[in-house]
Every structure is written in structure tokens, then in C-alpha cells.
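**Q** My questions all concern the structure below.
The values are calculated or read from the model by the stated rules, or taken from the named source; none is laboratory data. The shown structure was predicted, so the numbers you read here are calculated from the model rather than taken from an experiment. Reconstructed Cβ throughout: ideal geometry from the backbone, glycine too, with neighbour counts over all protein chains shown.
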Amino acid sequence: MNIQQLHEKVENVVVAVVPEENPQPGTLPEWYVYLINLRPEPLEGVIVSSKGYGELEGKEIKTSVLRQFIDKLPEYSFIKLEWIEPKLFGITNEFWVSYYQHGRIFDKQYVFVTDSIIQDNFSEVPLLEKRGVVIR
């Protein structure tokens, strides 16, 4: 068995960036990244690694790499992963999601390219009943 046979194709697992109304009147919305499981079974041992990179205001930047572990993400559910600063929409934001299912490893890279997190790219976000930028 080679390494490609160990990693299965990811389907029905979504990463979305969604604006949410700020509770402070007269302020801009807060933006959050969600991991959404649209599968009929839970994801287990989920690891999410996120980072940003690119040029911002004439300077090459890289954000810190954040890693999160989620023991279990139930079927047809979602989790709020992190807050994202709108200033970072001007760089590439990458999320690497790995998980186990039936003893097999699944992983996928979700990349929000520079300036892709804009209202023109909004669609309905599954399960959230909100609009945002979705990568399937």
C-alpha cells in the first residue's frame, strides 16, 4: 500500500468565512472561520492548521501557524474555529484539515486566495443559515 492509498478524498467537509453582527452598536461585523461537517457520520481526531501569507501594505508577511484539535465533530454539524481580522483578507489564508473516519486518514487544504473574501463571493453557508465565502 502506498501513501496515496492511505489518504482518502474529502467530500462534504466545508470551510467558510462568515461575517457576524457585532453586539456593539455602530461597529463593523466580526468575521469567523467555520468547519462544517455535511457528512452522515462524525469526523474524529480532527486537526486544523491555519496560516496566512502574502504581501500586505507593501510588506511580505506570514501569520503565526495555529493548530487546533477537535476530538469529534458530529454528523451534520459545525464548529467555529477562529476569529479572522478583515485586514488579513488581503493575503492568502490557508486551512489544512485532517481527520479520521473508519480508521482511514482524510485531509484537504482549503485556500482563500488574496482578496477572495468579499461579498461578491458570498453564498449560503450550509447549516449556518448565513451567507459567507465557502470552500467545499
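**Q** Looking at the structure I just gave you, is ILE105 of a type in the set (A, V, I, L, M), in a strand (DSSP E or B) and free of Cβ contacts under 8 Å to residues at least 60 places away in the same chain?
**A** When the stated conditions are applied, ILE105 does not pass them.
**Q** Another question, then. Tell me the residue from VAL113, VAL97, VAL65 that is in contact with a Lys or Arg (Cβ under 6 Å, 6 or more places away or on another chain) and exposed (fewer than 15 other Cβ atoms within 10 Å of the Cβ), please.
**A** Just one listed residue meets the conditions, VAL65.
**Q** Give the residues of the range 84-102 that are closer than 17 Å to PRO29 by Cα and in a loop (DSSP other than H, G, I, E, B), sorted by residue number.
**A** ILE84, GLU85
**Q** Here is a list: GLY90, GLY103. Which entry is farther than 21 Å from GLY52 by Cβ and of a type outside the set (D, E, K, R)?
**A** The conditions single out GLY103.
**Q** Would the range 118-126 turn up any residue that is surrounded by 12 or more Cβ atoms within 10 Å (Cβ to Cβ), closer than 22 Å to ASN22 by Cα, at pLDDT 95 or above and of a type in the set (S, T, N, Q)?
**A** yes
**Q** For the range 64-96, give me each residue that is of a type outside the set (D, E, K, R) and closer than 14 Å to PHE112 by Cα.
**A** ILE84, PRO86, LEU88, PHE89, GLY90, ILE91, THR92, ASN93, PHE95, TRP96
Residue by residue, here is whether (1) touching a residue at least 40 places away in the same chain (Cβ under 8 Å); (2) surrounded by 11 or more Cβ atoms within 10 Å (Cβ to Cβ); (3) assigned to a loop (DSSP other than H, G, I, E, B) holds:
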position	(1), (2), (3)
ASN22	no, yes, yes
TYR32	yes, yes, no
PRO40	no, no, yes
SER49	yes, yes, no
TYR53	yes, yes, no
GLU60	no, no, no
GLU82	yes, yes, no
